[in-house]
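Structure first, then comments.
The values are calculated or read from the model by the stated rules, or taken from the named source; none is laboratory data. All values reported here derive from a predicted model rather than from experimental measurement. Every residue, glycine as well, gets a Cβ built from its backbone with ideal geometry; the counts of neighbours run over all protein chains shown. In case anyone asks, the SASA skips ligands and DNA or RNA and just uses the protein heavy atoms, side chains included. Shrake-Rupley method; radii C 1.70, N 1.55, O 1.52, S 1.80 Å.
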Amino acid sequence: KNSRRNGFWTCGGILTNVSKWREYYESNTDGGTLTEMKLRDEVEKIKDNGYNEANAEAKLCQDIVLKAISESGMGENTTIKGGVVMRNISQNARRATQDLDLDFIRYSISDNSIERFISKLNCLHGLNISKKGSITELNQQDYKGKRVFLKVEDNDGTELSLKMDIGVHSDLSLQITI
């Protein structure tokens, strides 16, 4: 059952409030702020915590996009799911995932809406988030959605990529409980 409780969207009992991701990330950096980072330096810090290069880059991109979702105001229309949630719960580098799975809530997954969503993510000083390539349809047995690759770039020109799969939350009768 999905509901909204204390500012959190729950999906199958997993709390998924993107505002809390920002607090988590900021409490887990050495006093640095996510908006003024050098991507290469941050990847090295993540690798020091047991991640390999590819997983460290993916984790950094995920954290950046999650902060951008929170800062842009799109958190009310977004539920985080999948491996990113499990990694955060377990705090285990072995649970690393290289993509970001989202569901939109009361927000269209048309290509134009996804492009608008991505443009709103450009709200972090010193970082540019953009679409890389085209948006593709995902038609799996129990899931219909879209896939888009994002490019995250810092002021030094360092570029990282992230695969993002977007679905639409199918239960629009979400209950609000406080």
Thr136 accessible area, 1.4 Å probe, all protein chains in place, Å² to nearest 10: 60
Ranked by how many other beta carbons lie within 10 Å on average, peptides 77-83, 57-63, 45-51 from highest: 57-63, 77-83, 45-51
Classified through the alpha carbon gyration tensor (a ≥ b ≥ c as square roots of its eigenvalues; rounded if a/c is under 1.5, else prolate when a/b is larger than b/c, else oblate), the stretch 53-159 comes out rounded
Whole-Hz ³J(HN,Hα) for each residue in the stretch 100-113, computed from phi via Karplus 6.51 cos²θ - 1.76 cosθ + 1.60 with θ = phi - 60°, x for glycine and proline: what do you get? 10, 9, 10, 10, 8, 10, 6, 8, 5, 9, 5, 4, 4, 5
Through the Karplus equation 6.51 cos²θ - 1.76 cosθ + 1.60, θ set to phi - 60°, convert the phi angles of the stretch 117-130 into ³J(HN,Hα) values in whole Hz; use x for Gly and Pro. 4, 4, 5, 5, 6, 7, 10, 9, 4, x, 10, 10, 10, 9
Positive-end extreme of charge dipole, the stretch 64-159 - chosen from Gln140, Ala68, Cys123 (charges on Cβ): Gln140
Compute the accessible area per residue over the stretch 121-168, keeping the other protein chains in place, probe 1.4 Å, unit Å². 53
